[in-house]
Amino acid sequence: MQIHITPRNLTLTGAIYEFVAEKVSHLEGHGEQLIAAHIVLLHNHDRKKPYCVKVHLALAGPDIHAEDAEADLYVAIDKVVDKLSRQISKLKTRKKDHDKHRTQQKREAVKRGFARP
């Protein structure tokens, strides 16, 4: 999986890069085919929660987006990864339910003689 990190109004240190790469690479464990991840790290001095993290995951299928703003950059990254993990789980459940429905339809069609087994 390709990981692209874009910092805005902050410097991208090696520690931040490694933390983000480690967290995003854990998402591959869900079994979905991740093609690329584009992460934008924002720092706005004017806000109560100055650090914002936006993530775009390119999957084999629909893409997934998530964002979160917090007072600490590392907390924002953790929350975004949790959101993405939940979205991937929902996507897997939807795919599984859809496949289950299709196999039931095929069995009924075979039973009625409309399709070959």
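Rule-based calculations on the coordinates, nothing more; no lab input. Just so you know, these numbers come straight off a predicted model, no measurement behind them.
What number, in percent, do you get for the relative contact order of the chain if the mean sequence gap of Cα pairs under 8 Å and at least 6 apart is divided by its residue count? Numbers along the way, then the final one.
Details: 159 pairs, mean separation 23.2, N = 117.
Normalised by residue count, the contact order of the chain is 20 percent.
Under the 0.36 nm per residue contour assumption, what length would be gained going from the current alpha-carbon distance of Met1 and Phe19 to full extension? Working shown, then result.
Values: separation 18, 0.36 × 18 = 6.48 nm, distance 1.58 nm.
The span from Met1 to Phe19 would gain 4.9 nm if fully extended.
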Report task. From the P(r) of the chain, can you give the percent of Cα pairs sitting at distances over 22 Å? Result -> 45 percent
Report task. Calculate how many DSSP beta bridges within the chain are antiparallel, expressed in % of all such bridges and rounded to the nearest 5. Result -> 70 percent
